[in-house]
Every structure is written in C-alpha cells, then in structure tokens.
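The values are calculated or read from the model by the stated rules, or taken from the named source; none is laboratory data. Just so it is clear, the structure is predicted and the values come from calculations on it, not from any experiment. Cβ sites come from the backbone with ideal geometry, for glycine too, and all protein chains shown count toward neighbours. Just so you know, the surface numbers come from the protein's heavy atoms only, side chains and all, with ligands and any DNA or RNA stripped out. Shrake-Rupley method; radii C 1.70, N 1.55, O 1.52, S 1.80 Å.
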2 protein chains.
Amino acid sequence: MQTSELQWTSHEQEIVKTAVAEAHQREITALVQVVHDQAQAIACMDDLWQLHDFLSARRHDLDGKYDQREPTPLFMLAGLIKDGWLSLDELTGLAAPKLAKIKALAQML
Amino acid sequence: MQTSELQWTSHEQEIVKTAVAEAHQREITALVQVVHDQAQAIACMDDLWQLHDFLSARRHDLDGKYDQREPTPLFMLAGLIKDGWLSLDELTGLAAPKLAKIKALAQML
C-alpha cells in the first residue's frame, strides 16, 4: 500500500462520508422492501425462521461492509460500486490515483 | 417426583402429543400475525434490527418451550396453559393426579 492511499484530505473524507451514507441508505431502503415482501408471504414456522436467518445474514454483512474502522476505504468503496449501491461519479473530488484504484478494484472483485 | 408422574401410557402420550402440537400451531399462527404487522411498519434500519432481535428471542423461546426431550411434560403443559395456548380440557384423558398437578403448576407459574 503506497502512502498516498492512506492520506485522505478532509475534503476527500467528507466526500467518502457522504457517498457511503448515501449507499448505506439505498441498501437499507432496498432491504426494507425485501423484508416487507418476504414477511407478507410468511405462512408457517419455517417461513418465520427463514426470515430470521435472512436478517441475521444481512445484518452481519452490513455491519462488516460499513465498518468505518477500516484503515483505508478503498475496498469498501470498490465493493459498493461493484454491488451497484454507489457510482464512481459520486466520488468526484477524490484524487485521481484513488479513483483509478477504486475503479480497478471494483472490476476485480 | 413420584413414579406415577413419570409413567405415561401410550394413550396419554398421544393426548399430550396432539395437545402440544395444537398449542404450538396456535402460537406460531399468532406470531406470524405479529410479524406481518411489525414488518409492515418497518421504515428504517433500527426497525429492521428490532424485528431481527424480536425473532431471535421468540425462536429461542419456542425452541426451549417445545423441547420434547423433557423427561416429564408436566411443566411444559402447565406453561402452555398459563400462557393461554392450551386449555386443561384438551388434556382430558390423562390420569387425574397428572391433571391436578398440571393445574396446580399452571397457577403457580
């Protein structure tokens, strides 16, 4: 990891913070819709525990994905772009090498 | 524990099996309705994880409550009566001392 990847200006940090919050909100909104639909179709005990298992997995996934303690958000951002929760355009303002690395990572994931 | 409480005829076992299955189905049906209602009201992440926590607790509770490995079903039956999922009438056919103990236990719980 080059030093430049670890150095984020306060302006860049603000861009990332806003973009990640936006992606998180989109993902939660989509999940709420899925849970509405799944819950409506519940008819028996197996369906109940299937919803429970689904929520356990999604909670674990989201807790890890949006963990802000990562030393560098490159992988987090690349993952969000790869999964369609964020577009590269929303990261405009980051230094060009960072954008290039995020784009390359998103294609490799 | 007197020996008589541990001795269940096959007829009594059948009565208990049917009654417990009925109580379990009632409880699941009620839970499905609660989950329908709760899920419909979900609007944000906190609501999602609140439903998840609720399902975790109910699943743990139900797994324990209907555990068929108990040496005697007296406490299970008393608990189901106390919580309103079963009525004493549905246990008609059990030996009178068992019914008396289940009734007394249900009032003590």
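Give the residues of the stretch A:87-99 that are surrounded by 11 or more Cβ atoms within 10 Å (Cβ to Cβ) and either part of a helix (DSSP H, G or I) or free of Cβ contacts under 8 Å to residues at least 40 places away in the same chain (or both), sorted by residue number. First the steps, then the outcome.
Step one: of the stretch A:87-99, the residues surrounded by 11 or more Cβ atoms within 10 Å (Cβ to Cβ) are A:87-88, A:90-91, A:93-95, A:97-99.
Passing the criteria: A:S87, A:L88, A:E90, A:L91, A:P97, A:K98, A:L99.
Using the structure shown, decide if A:Q50 is modelled with pLDDT under 95 and among the polar types (S, T, N, Q). Spelling it out, it is not the case that A:Q50 is modelled with pLDDT under 95 and among the polar types (S, T, N, Q).
Got at least one residue in the stretch A:55-71 being assigned to a strand (DSSP E or B) and either in contact (Cβ under 8 Å) with a residue 60 or more places away in the chain or touching a Ser or Thr at 6+ places or on another chain (Cβ under 9 Å) (or both)? Explain how you work it out, then say what you get.
We begin by selecting, within the stretch A:55-71, every residue assigned to a strand (DSSP E or B); these are none.
The answer is no; no qualifying residue exists.
The residues listed here are B:D47, B:D53; of these, the one that is surrounded by fewer than 14 Cβ atoms within 10 Å (Cβ to Cβ) and within 14 Å of another protein chain (Cβ to nearest Cβ) is B:D53.
Return the residue satisfying two criteria in turn: it lies in the stretch B:69-85 and is within 18 Å of B:H11 (Cβ to Cβ) and under 11 Å from the mean Cα position of the chain (by Cα), and of such residues it is least open to solvent (accessible area, probe 1.4 Å).
From the stretch B:69-85, those within 18 Å of B:H11 (Cβ to Cβ) are B:72-74, B:77; that's our starting set.
Still in the running and under 11 Å from the mean Cα position of the chain (by Cα): B:73, B:77.
Working: B:P73: 26, B:L77: 0 Å².
Among residues in the stretch B:69-85 that are within 18 Å of B:H11 (Cβ to Cβ) and under 11 Å from the mean Cα position of the chain (by Cα), the one least open to solvent (accessible area, probe 1.4 Å) is B:L77.
Is it fair to say A:I15 is open to solvent by less than 50 Å² (accessible area, probe 1.4 Å), assigned to a helix (DSSP H, G or I), in contact with a Ser or Thr (Cβ under 9 Å, 6 or more places away or on another chain) and touching a residue at least 24 places away in the same chain (Cβ under 8 Å)?
Values: open to solvent by less than 50 Å² (accessible area, probe 1.4 Å): yes; assigned to a helix (DSSP H, G or I): yes; in contact with a Ser or Thr (Cβ under 9 Å, 6 or more places away or on another chain): yes; touching a residue at least 24 places away in the same chain (Cβ under 8 Å): yes.
Taking the combined requirement at face value, the residue satisfies it.
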